[in-house]
1. List, please: which pairs have Cβ atoms under 6 Å, are six or more places apart or on different chains, and start with a residue in segment 32-60 that is within 19 Å of V124 (Cα to Cα) and without any contact (Cβ under 8 Å) to a residue 60 or more places away in the chain and end with one that is aromatic (F, W, Y) and crowded, with 18+ Cβ neighbours inside 10 Å?
2. Which ones in segment 187-217 are open to solvent by 50 Å² or more (accessible area, probe 1.4 Å) and at pLDDT 80 or above?
3. Scanning segment 82-96 for residues that are closer than 22 Å to A40 by Cβ and crowded, with 19+ Cβ neighbours inside 10 Å, which turns out modelled with the lowest pLDDT?
4. Test L99 against the criterion of being at pLDDT below 85 and either more than 18 Å from L60 (Cβ to Cβ) or not basic (K, R) (or both), and give yes or no.
5. I'm trying to understand the selection: among the residues of segment 109-150, which are modelled with pLDDT under 90, open to solvent by less than 30 Å² (accessible area, probe 1.4 Å), within 19 Å of the chain's Cα centre (by Cα) and closer than 25 Å to T176 by Cα?
6. Name the residue that is farthest from R75 (Cα to Cα), counting only residues in segment 9-61 that are of a type in the set (S, T, Y) and open to solvent by 20 Å² or more (accessible area, probe 1.4 Å).
7. Identify, please: which residue in segment 160-186 is at pLDDT below 90 and of a type in the set (D, E, K, R) and is, among those, least open to solvent (accessible area, probe 1.4 Å)?
8. I need the full set of residues from segment 140-172 which are outside any helix (DSSP H, G or I), charged (D, E, K, R) and without any contact (Cβ under 8 Å) to a residue 60 or more places away in the chain, in order please.
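The values are calculated or read from the model by the stated rules, or taken from the named source; none is laboratory data. Since the model is a prediction, treat every value here as computed from it, not as a measurement. Every residue, glycine among them, receives a Cβ derived from its backbone with ideal geometry; neighbour counts consider all protein chains shown. Ligands, DNA and RNA are excluded from the accessible area calculation, which covers all protein heavy atoms including side chains. Shrake-Rupley method; radii C 1.70, N 1.55, O 1.52, S 1.80 Å.
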Amino acid sequence: MTTDPGGGILVVDDDEAFRSFVSELFESIGYRVRQLASGAAVLPAVAEERPAAILLDVQLPGLNGYEVCRELRERYGDSLAIVFISGERTAALDRVGGLLLGADDYLNKPVDPAELITRVRRLVERPRSNGHAATANEKLESLTRREHEVLDLLAEGLRQEEIAGRLVISPKTVATHIQRILGKLEVRSRAQAVSVVLREDRDVSGHGAHLPLDLLV
C-alpha cells in the first residue's frame, strides 16, 4: 500500500461522479483525498492544509483552472504538484498553455486509472523545492543541438512521428532522443520536460507571465 504524502491529494472538478471516481481510486491505495467543486474554493483549502498534489479541471465555476494554477504557483512556487485533467480542453494548445502556466502534467479525460496513479505518484514522491527553476537552465544547457530541436517540437505539441518527419529522422531515433532528454532534465514524462523548457522561456523573456488567459479559456 502507498504511504500517504503530507497533505494528501486535492481533487478539484465540478463533475461529482469524476471526483468520486478519482477519490476512490487514490483512497484504495492509501492516499487521503479532499474534494472541491469550484476554483474559488481551492486557494482557501490550500492555505488551510497544503496538499502534495492537486488534480485540477480546467473548466470550473468561478475561477477557472488556469487562473487557479497561476495563483498557486505565485504563492507556493514548485512546492506542490499540479496536474490538469480536462475533458473539454484537449488540444495541443491547451496542454501547452497549461504547462506554460506551471502545471506539472496535463491529462485528457477519459483518463486511464493506472496511468493517472503512476503519473501522480511519481510527482508526489519526487523531491520538490522552490529552487527548481534556478537549475533548469543548467539542465537545458546539457542538451545537444538535436535534443533541443526535439524538445522544442515537443513543446509545440508535435507527436513522435511528426517530429521524425520534421527532422527527417526515424521515430525510433526520436524516441532515443526523448529518453536522453528526460534523463538530462531529471524528469519522468514528456509533459514534465516541456514544462521545464516553457518555464525557462517564461523566466527569461517574461512572455509566459503575460500570456492572455482569454486565449486559454
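1. Taking only residues 6 or more apart or on different chains, the pairs are V33/F26; L56/F84.
2. R190
3. The qualifying residue modelled with the lowest pLDDT is R89.
4. yes
5. Correct list: L123, A136, L140.
6. S28
7. Ranking the qualifying residues of segment 160-186, first place goes to K184.
8. Listed by number, the list holds a single entry, R159.
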